[in-house]
Amino acid sequence: MVILHVDLNSYFATIEQQQNPKLRGKPVGIVKDIGRACIIAASKEAKKQGIKTGSSIFDARYLCPGLVLVKADFDKYLHYTKCFYRLVRSFTPEVHLFSLDEAFLNATDSLSIYGSAENLAGKIQERIYKEMGSWVTASIGIAKNYMLAKLAGEYAPKGGYYRIRDRDLDRILATCKPRDVCGIGPRIAEKLLNTGISNLLQIRALPASLMKQRFGPFWGPELQRIAHGRDSHLLSLLDGNEQMKGVGRTITGVRLCDSEEEIRSTIRNLTEEATGKIREMDMAGRHLAIFLQGEEQVWYRHRTLGYYVRHPDEVFGLLYNGFYKSWRRAFPVIRFGVRVDQLKPMRELSACWLPSW
């Protein structure tokens, strides 16, 4: 398998610089509104001055007196995201839009056209330059799975690409902190640090029994998989032939959401979409999963049922009432995902005694 992770650099600020040439080369900070106290995005130039997402205006001005503040225009960013999605979809149909400014491409079946993953990455860069603008750049990571492709993107230069091969794996993992992996939050990272683990490769030295004892039945084996360069469970949900394995739906918002009503509505809508696809395929599933992601934290729950489900009301009840409502919401959410796995054709299942379902 060959996966590409395409990440548009300093997205919100770069789009503003693309549309307004007077901002190019200058440190730019994006704020939700003029008068707000927090930077929600920073340009490449501002990042070099130490300004990060979440920096206060006071601190940002101290680090960079020449910082230019620009009010966010989310309609503009969404327009560019749609352009970006159409662009990457033209190279391969198997695309997973992971956020407004990043996407995973499964290029395994497309390499016969482009010759190599490196050639494909170069073609994508050319199209971004031509269709999104000369100031817009992307870092592209190439690897054999989603997790490693995302890590490879961190090593790629702006407007370039980097590939992690098997011979490079241990060297790369030895330089990666646990927080570099999508899905590992601050609490797990702190627990690893207290165990003496500061990079991913060191996890391999810990016995499986100790990992399970200290990190539990999910995170113990999960961390060991990651330490051997295999996909994290969160990213592995992107993979697979949904006709055989499962159907998932995700969405990334343009802002952090802390509204119970909006969160409930979003989970419901994603459930409707996923179960609609399952019914269209005339299948049902018995493994349910939900994940919610904040700025730097992820909450995830899953369960295998003793029976098969596909009705939206039933699936939503299990996901929302069974999983979500038992969580003490610890952070506002920007990314939502639901999934139904272990699908089976309805013709192989006993008929339901509720005809309307």
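The values are calculated or read from the model by the stated rules, or taken from the named source; none is laboratory data. Model, not experiment: these values are computed from the prediction. Here Cβ is always computed from backbone atoms with ideal geometry, including for glycine, and neighbour counts include all displayed protein chains. Quick note on the areas: whole protein, heavy atoms, side chains included, nothing else; ligands and nucleic acids left out. Shrake-Rupley method; radii C 1.70, N 1.55, O 1.52, S 1.80 Å.
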For this session: Would you check if Leu78 is open to solvent by less than 50 Å² (accessible area, probe 1.4 Å) and either under 19 Å from Pro21 (Cβ atoms) or not acidic (Asp, Glu) (or both)?
Result: no
For this session: Would you confirm whether any residue within region 227-241 is in contact with a Pro (Cβ under 7 Å, 6 or more places away or on another chain) and of a type in the set (S, T, N, Q)?
Result: no
Exercise. Which ones in region 134-167 are of a type outside the set (Val, Ile, Thr), open to solvent by less than 10 Å² (accessible area, probe 1.4 Å) and in a strand (DSSP E or B)?
Worked result: Ala138, Ser139, Gly141, Ala143
Exercise. What number of residues in region 193-210 are open to solvent by less than 50 Å² (accessible area, probe 1.4 Å) and more than 21 Å from Thr175 (Cα to Cα)?
Worked result: 1
Exercise. Say we look at region 49-96 and pick out the residues that are touching a helix residue (DSSP H, G or I) at 6+ places or on another chain (Cβ under 6 Å) and assigned to a strand (DSSP E or B); which of these is nearest to Ile34 (Cα to Cα)?
Worked result: Val70
For this session: Tally the residues that are of a type in the set (D, E, K, R) and free of Cβ contacts under 8 Å to residues at least 24 places away in the same chain, restricting the search to region 117-138.
Result: 2
Seminar exercise, completed: Those residues of region 250-299 which are at pLDDT 85 or above and open to solvent by 60 Å² or more (accessible area, probe 1.4 Å) amount to Asp258, Glu260, Glu261, Glu262, Arg264, Asn269, Glu272, Glu273, Arg279, Asp282, Arg286
For this session: Filter region 320-353 down to residues that are under 22 Å from Ile278 (Cα atoms) and among the polar types (S, T, N, Q) and give me whichever is modelled with the highest pLDDT.
Result: Asn321
